[in-house]
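For reference, the structure discussed in these notes is given below.
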Amino acid sequence: MESEHHGRNSILIIDDDVRLCQLIGEFFSESDYAIHAVHNGATGLARAVDEKFDLILLDIMLPGLDGFEVLTQLRRRSSVPVIMLTARGAQEDCVRGLNTGADDYLAKPFGPEELAARIAAVLRRTQSSQTARSETISVGPLRLNAASRGAWIGDEPIEITSTEFDILDLLARARGKVVTRDQVCGILYQRQATPFERSLEVHISRLRRKIESAGITIRSIRGIGYVLAGDEQ
């Protein structure tokens, strides 16, 4: 997604903590990021839909529309990358956010360096993959196009998030071969997988449901990773 803000990556923060938004804006003031902040869900959703942002930072606890509802409605209209901001230790919120279509999550309180690393990882992945390849890859009736970041089963498009596309693209290119959890997390988040991280499992679970009608499975290799296989394998 191209930014409308003079070539800088535009980031929308939807969080009712005004001071936190100010601190984030100050931290990134000399960076390549143009930071915009709103403090309620309805306004945030309207701006996220009407304007072009490269990434959304979305808090769960918001007045009016909460973060889950904002993300649900946003995903009906946009695949813009979203990082959810959750309460420390609220694992069920993390899983729910990922199931709703978030690309990653970050627990509060967090340091600005950690936030910067998460943002950079998501933007690096989504923006580089838009220009790196243009070909279409097929696995049975499943087709993936790197240029449009679209996925189809036959002629029917699949609703797929940015993160889900990248996982499926990686598995499809290694079709029949095991891709380790660290390899997937390295591409998605530029960090190693941890035993306590649920995000990858949630993304994999969502993908399984979306491609099962094509007769394609994502098999878990216990303690190692995943392999994409069609009916014939």
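Numerical summary
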item: Count - residues of the range 173-192 that are buried (at least 18 other Cβ atoms within 10 Å of the Cβ) and modelled with pLDDT of 90 or more; result: 1
item: Pairs with Cβ under 6 Å, 6+ apart, first in the range 25-44 and under 16 Å from Asp15 (Cα atoms), second aliphatic (A, V, I, L, M) and in a strand (DSSP E or B); result: Gly25/Ile35; Ile35/Ile11; His36/Leu12; Ala37/Ile13; Val38/Ile14; Gly44/Ile14; Gly44/Val38
item: Hits in the range 90-109 - residues which are more than 21 Å from Ala120 (Cβ to Cβ) and either in a helix (DSSP H, G or I) or acidic (Asp, Glu) (or both); result: Gln91, Glu92, Asp93, Val95, Arg96, Asn99, Thr100
item: Enumerated strands (runs of 3 or more DSSP E) restricted to the range 130-182, each holding at least 1 residues that are small (Gly, Ala, Ser); result: 136-139, 150-153
item: Matching residues in the range 201-219 - criterion: being among the aliphatic types (A, V, I, L, M) and either outside the structural domain of Ile153 (by TED's automatic domain parsing) or more than 15 Å from Pro157 (Cα to Cα) (or both); result: Val202, Ile204, Ile216, Ile218
item: Residue that is nearest to Gly97 (Cα to Cα) [pool: residues in the range 27-78 that are among the basic types (Lys, Arg) and either modelled with pLDDT under 95 or not assigned by TED's automatic domain parsing to the domain that holds Arg118 (or both)]; result: Arg75
item: Filtered residue count, the range 32-89, keeping only those that are under 20 Å from Val122 (Cβ atoms) and in contact with a Pro (Cβ under 8 Å, 6 or more places away or on another chain); result: 3
item: Test set (1) under 18 Å from Glu114 (Cα atoms); (2) modelled with pLDDT of 95 or more; (3) surrounded by 19 or more Cβ atoms within 10 Å (Cβ to Cβ); (4) not small (Gly, Ala, Ser) - Gln22 fails condition number; result: (3)
item: Unmet requirement for Ile56, which otherwise passes all of (1) crowded, with 22+ Cβ neighbours inside 10 Å; (2) more than 19 Å from Leu188 (Cα to Cα); (3) touching a strand residue (DSSP E or B) at 6+ places or on another chain (Cβ under 7 Å); (4) not charged (D, E, K, R); result: (2)
item: Cβ pairs under 8 Å, 6+ apart, first in the range 203-223 and more than 16 Å from Gly101 (Cβ to Cβ), second of a type in the set (A, V, I, L, M) and in a loop (DSSP other than H, G, I, E, B); result: Ile211/Ile158; Ile221/Val178
item: Pairs, first basic (Lys, Arg) in the range 146-170, second surrounded by 19 or more Cβ atoms within 10 Å (Cβ to Cβ), C-beta under 7 Å, six or more apart; result: Arg149/Ser162; Arg149/Phe165
item: Any hit, the range 57-70, residues being in contact with a Phe, Trp or Tyr (Cβ under 9 Å, 6 or more places away or on another chain) and over 22 Å from Thr163 (Cβ atoms); result: no
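For (1) surrounded by fewer than 19 Cβ atoms within 10 Å (Cβ to Cβ); (2) within 20 Å of Pro109 (Cβ to Cβ); (3) touching a His at 6+ places or on another chain (Cβ under 8 Å), each residue gets a yes or a no:
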position: Val38; (1), (2), (3): no, no, no
position: Ser79; (1), (2), (3): no, no, no
position: Met84; (1), (2), (3): no, yes, no
position: Ala90; (1), (2), (3): yes, yes, no
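The values are calculated or read from the model by the stated rules, or taken from the named source; none is laboratory data. What you see is a predicted model; the values in this text were computed from it and never measured. Heads up, the Cβs are rebuilt from the backbone with ideal geometry, glycines too, and the neighbour counts pull from every protein chain shown.
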